[in-house]
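The values are calculated or read from the model by the stated rules, or taken from the named source; none is laboratory data. Quantities reported herein were computed from a predicted structural model and do not represent experimental measurements. Counting neighbours? That spans all protein chains shown, and the Cβs are built from the backbone with ideal geometry, glycine included.
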Amino acid sequence: MELTKLNQEYCQRIKEDKEAHALSAAEEIAYMSQSTAKYHGRCVSTLYMPKIFLKQDIERFEKLISTLYGIFDKVIAKYREDEAYRKLFGFDERLEELILREKRYDCNIPIARIDIFYNEDTGDFKFCEFNTDGSSAMNEDRELNIGIKRTLGYKQLSELYDLSTFELFDSWAEKSLEIYHSAKCAVKRPHVAIVDFMESATNNEFEIFAESYRKLGLSCEICEIRNLRYEKGRLYGEGNIPIDLIYRRAVTSDIMKHYDEVGDFIQGVKEDAVCLLGDFTTQIVHNKMIYRMLHHPMTQEFLTLEECEYVEAHVPYTALMDAPYIPMESVCKSKDNWILKPQDSYGSKGVYAGVEYESLAEWESIVKAHSTHDYLLQEFCTPYETLNIDFSGGRDADFIPVYNLTGLFVYGGKFQGIYSRVSRGKIISTQYSEIALPTMTAAEKR
């Protein structure tokens, strides 16, 4: 079975009875509009055709994650043991202190979503982002997969293939508890807190995670990180039950930005009053400086030849914008080859891609305005293009080309699932009207 042929077959069935497919799409759209897949009141938008992967794709994803995490573990070990190497990351001294605390468990990166540009024809890929503690969109994928089951396209596909989706909630609760129980001083039934800055939180998602913990017989609460209380050697949330395990959704950059507002949380972490998943070690990977560091000679020295080749093939070239060796004239004249990113951000905030600007003069002004130590210059990767159809405007819709981004959920260092996004343009992010698709795997019926 070939993925391209499967998608072509899906398109052909839609063309044969577009009106019937449009009617079923209306049911899907109605479901999504009242679903819990909302962020700050905005419902996730989607298209009619799902994102489908085959067994060989999943095997590639599992292998690429295994190799990547082997490299990450080496980088993290080097960071912890080598002061000269640490300085290259340029982290705040307060953050460095938090990172260098004694490890509570062996898993360096308990949870992540690794976003890649995946070529479905060749199996090749380039990394886009390494999202660690703030990794989200599990609930969006869940709701999208409920919604698409209302469509004629899904029903027709399910008659021909065995379709399956990824479970992303209970599996995380179970894995996080497994990691916790490998830590010193773990208790049998920890009280769990899901912690974030609530103005940034995906609260509907948090509620489902909390229920997954409760199904395991644990108590769980959702906490505003500023309101945590450190008293007599223990950390507390809204109630009077001391917290044993924190599932941290507050990203490190927000914590450092509001450092003085989260003093009790910081003290509780420093005093080992709580087990933190993930701990601040994850910032070594989450910060976009990791792209530069993976290509750095000091990193290349301790990687194997195969790992160096892996980095060269799949990690986009990255450099600090104030580096003296950057050929600025060439960067300004070849705008479509480059993208500018802040060193530490999320949600594509402050990102500038040359392909989005019509004139070289406009791009040059942006490059010059962001030629600072806080910004990175990175090779631009053109995403893989597929066809899809948007029935939100009615049955007169036609197929449109969309660009794809594949997010790989990783729990405890193992591949767990996929979050798929597309865009009509080459930049795929919330600020550029990204669209989420339900993701599933297909196999021949037995």
| message | Given the criterion touching a residue at least 60 places away in the same chain (Cβ under 8 Å) and of a type in the set (Lys, Arg), identify the matching residue among Lys63, Lys78, Lys87, Lys15. | response | Lys78
| said: Quick check on my filter: what residues within region 225-249 are over 28 Å from the mean Cα position of the chain (by Cα) and assigned to a loop (DSSP other than H, G, I, E, B)? | reply: Lys232, Gly233, Glu238, Gly239, Asn240, Ile241
| said: Given the condition surrounded by fewer than 19 Cβ atoms within 10 Å (Cβ to Cβ) and closer than 26 Å to Ile339 by Cβ, answer yes or no: does some residue in region 108-121 qualify? | reply: yes
| request: Can you confirm whether region 164-176 contains a residue that is surrounded by fewer than 20 Cβ atoms within 10 Å (Cβ to Cβ) and either without any contact (Cβ under 8 Å) to a residue 40 or more places away in the chain or over 19 Å from Phe409 (Cα atoms) (or both)? | output: no
| query | Restricting the first residue to region 355-366 and requiring it to be over 9 Å from Cys332 (Cα atoms), which pairs with a second residue that is surrounded by 13 or more Cβ atoms within 10 Å (Cβ to Cβ) and aliphatic (A, V, I, L, M) meet a Cβ separation below 9 Å and a spacing of at least six or different chains? | reply | Val355/Ile339; Val355/Ile427; Glu356/Ile427; Tyr357/Ile366; Ile366/Leu340
| Among the residues of region 43-70 satisfying the criterion of being modelled with pLDDT under 95 and either assigned to a loop (DSSP other than H, G, I, E, B) or at positive phi (or both), which is farthest from the chain's Cα centre (by Cα)? | Ser45
| Within region 209-224, can one find any residue that is surrounded by 15 or more Cβ atoms within 10 Å (Cβ to Cβ), of a type in the set (Val, Ile, Thr) and part of a helix (DSSP H, G or I)? | no
| query | Considering region 416-431 alone, what residues qualify as being over 28 Å from Glu159 (Cα atoms) and either within 17 Å of the chain's Cα centre (by Cα) or crowded, with 20+ Cβ neighbours inside 10 Å (or both)? | reply | Ser423, Ile427, Ile428, Ser429, Thr430, Gln431
| task | Being within 26 Å of Asp141 (Cβ to Cβ) and in contact (Cβ under 8 Å) with a residue 40 or more places away in the chain is the filter here, so list the residues in region 212-232 that pass it. | result | Ser212, Tyr213, Lys215, Leu216, Leu218, Ile225
| query | Across region 249-278, what is the total count of residues that are out of contact with any Phe, Trp or Tyr (no Cβ under 9 Å at 6 or more places or on another chain), basic (Lys, Arg) and touching a residue at least 40 places away in the same chain (Cβ under 8 Å)? | reply | 1
| request: Could you tell me whether Asp272 is out of contact with any strand residue (DSSP E or B) (no Cβ under 8 Å at 6 or more places or on another chain), under 26 Å from Ile179 (Cβ atoms) and at pLDDT below 90? | output: no
